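Below is one structure; the comments refer to it alone.
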Amino acid sequence: MIKTTIGAAAIAAVTLAVVPVQAAKMGVGCSSANLTKTEASVEAMADGDSKWAAEKEMAAAQDALLNGKYGVCGAHLSKAMHDTGAAK
């Protein structure tokens, strides 16, 4: 039982460490230009659940950028772009 718990915790830790970095490498880096582009796309969206979700992801991306977490910022920025339909 303990081995299973430790194994699950190790897998979760590796996943949480790798996923944001991988998202940042997928083409949506956390840069001022990408933030500006995504924010403009979000502002142009019609009001609704998708816009609210994109705004929430933008806020999380900006918070991550201010805290120096570039991988996390890139992941949130990617999600926001996906919500706008502007994803590559």
Nonlocal amide H pairs with Cys30, under 5 Å, H built at 1.01 Å: Gly74
Order of Ser78, Ser32 - criterion: other Cβ atoms within 10 Å of each residue's Cβ, fewest first: Ser32, Ser78
³J(HN,Hα) computed for each position of the range 52-65 - Karplus, 6.51 cos²θ - 1.76 cosθ + 1.60, integer Hz, glycine/proline x: 4, 5, 5, 5, 5, 5, 4, 4, 5, 5, 5, 5, 5, 4
Length released on extending from Ile6 to Glu43, taking residue separation times 0.36 nm less the Cα-Cα span: 8.9 nm
Order of Asp63, Asp47 - criterion: other Cβ atoms within 10 Å of each residue's Cβ, fewest first: Asp47, Asp63
Separation in nanometres of the label points that stand 7 Å from Cα toward Cβ, at Ala53 and Ser32: 3.1 nm
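Each reported figure results from applying straightforward, stated rules to the coordinates on display, with no laboratory input. All figures in this text were calculated on a predicted structure; none of them were measured in a lab. Methodologically, a virtual Cβ is constructed for each residue, glycine included, from the backbone with ideal geometry; neighbour enumeration extends over all protein chains shown.
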